[in-house]
Amino acid sequence: MNFLSVDQVSKTWHDKPVLREVTFGIQQGEKVALVAGNGQGKSTLFSIIVGKETADAGKAVIRKDIKYSYLSQDTDIDEELTVLENILFDDHEITRAIKNYNEVLDKLQTDSDNLELLERLNHLSESMTLLDAWDYEAKVKQVLSKLKIDRFHQKAGTLSGGQKKRIALAKVILSGADFLLLKFIFIGCCSIL
């Protein structure tokens, strides 16, 4: 079952062909790396796949019934937040469920007899269980630790570029996506995992 289908994708920049009839598919469970020299169209193809650019010809389609997440070269890290806050305040299904649950719980502190709030809390509790969100903060810390980030309350603005990239990678890993698209540029021999 294809998660990604790229069919006859072509793209030209300033009269120079960058991509010519590129065709491939990625099946569920496959791990694929795109390796090529500078200026060979890797970034262009990635941008077409995630919908930031359009192809001159052909198409790239991510299956509609799956959830995907991608990591680009540019990180979306808020430098004023801590490492942990950057992930816990991210906007995806699990963090929204946690936020909604905590908001209703706070309201119940002042209105504990409100049956509507109690029913909503029960529904949100079920959602939290389905999403496996009860121990989300522990999972976040575990992923960050595996990425060699262990100062969770450090301001993101004080981190190196590589550390910020690892926080962005943790956000993608923790997004709960079925399909991850990761764009890395390595210079020399290095590894973040």
Q: Given the options VAL35, VAL22, VAL140, state which has the largest fluctuation in a GNM of the chain using a 10 Å cut-off (strictly under) for Cα springs.
A: VAL35
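Taking every eigenvalue of the Cα gyration tensor of segment 83-176, multiplying by 5 and rooting it, what semi-axes result, largest first, whole Å? Each step should come with its number before you reach the end.
Values: eigenvalues 192, 36, 17 Å².
Taking √(5λ) for each eigenvalue gives 31, 13, 9 Å, largest first.
Please work out how much length the chain gains when fully extended from SER112 to TRP134, using 0.36 nm per residue of separation minus the C-alpha to C-alpha distance, in nm with one decimal. Can you show the working numbers first?
Values: separation 22, 0.36 × 22 = 7.92 nm, distance 2.20 nm.
Computed gain between SER112 and TRP134 is 5.7 nm.
With +1 on each Lys and Arg Cβ and -1 on each Asp and Glu Cβ, how big is the dipole of the chain about its Cα centre, in debye rounded to the nearest 20? Spell out each step's value before the answer.
Details: 25 positive and 28 negative charges, 237 e Å.
That gives the chain a dipole magnitude of about 1140 debye.
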Q | Vicinal HN-Hα couplings computed from phi for segment 47-56 (Karplus, 6.51 cos²θ - 1.76 cosθ + 1.60; Hz; Gly/Pro x) | A | 5, 5, 4, 8, x, 7, 9, 10, 7, 6
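Per residue of the chain, what 222 nm ellipticity follows from adding -39500 (n - 2.57) for every DSSP H run with n ≥ 4, rounded to the nearest 500?
Helix-only estimate at 222 nm: -11500 deg cm²/dmol.
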Q.
How charged is the neighbourhood of SER127? Take every other residue with its Cβ under 10 Å from the Cβ of SER127, and add Lys/Arg as +1 and Asp/Glu as -1.
A. -1
Q.
Connecting C-alpha atoms closer than 10 Å in a GNM of the chain, tell me which of THR23, THR110, THR129 has the biggest fluctuation.
A. THR110
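In whole percent, what relative contact order does segment 1-153 give with Cα contacts below 8 Å and a gap of six or more residues?
Values: 146 pairs, mean separation 29.2, N = 153.
It comes to 19 percent, rounded to a whole number.
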Q | Most mobile listed residue (VAL143, VAL32, VAL61) in the chain, GNM with C-alpha springs under 10 Å | A | VAL32
Q. Mean 1/r over all different Cα pairs, inverted: what Kirkwood radius does the chain give, in Å?
A. 19.3 Å
(Q) Could you work out the pair-distance distribution P(r) of segment 1-88 from its alpha-carbon pairs, with 5 angstrom bin width and percents rounded to whole numbers? (A) 3, 12, 20, 21, 16, 11, 9, 6, 2, 0
Q) Between segment 133-148 and segment 1-20, how many Å separate their Cα centres? A) 37 Å
**Q.** Cross-link pairs LYS16/LYS171; LYS31/LYS155; LYS107/LYS146; LYS42/LYS67; LYS16/LYS52; LYS31/LYS99 - those with Cα-Cα distance over 31 Å
**A.** LYS16/LYS171; LYS31/LYS155; LYS107/LYS146; LYS31/LYS99
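Please compute the net charge surrounding PHE24, taking Lys and Arg as +1 and Asp and Glu as -1 over other residues with Cβ under 12 Å from its Cβ. Could you put the intermediate results ahead of the total?
On the way: positive: none; negative: ASP7, GLU21, GLU30.
Around PHE24, the charge tally is -3.
Since every read-out is calculated from the coordinates, none of them should be taken as a lab result. Worth saying up front: this structure is predicted, and the values here are computed from it rather than measured. Cβ coordinates were reconstructed from backbone atoms using ideal geometry, including for glycine residues, and neighbour counts include every protein chain displayed.
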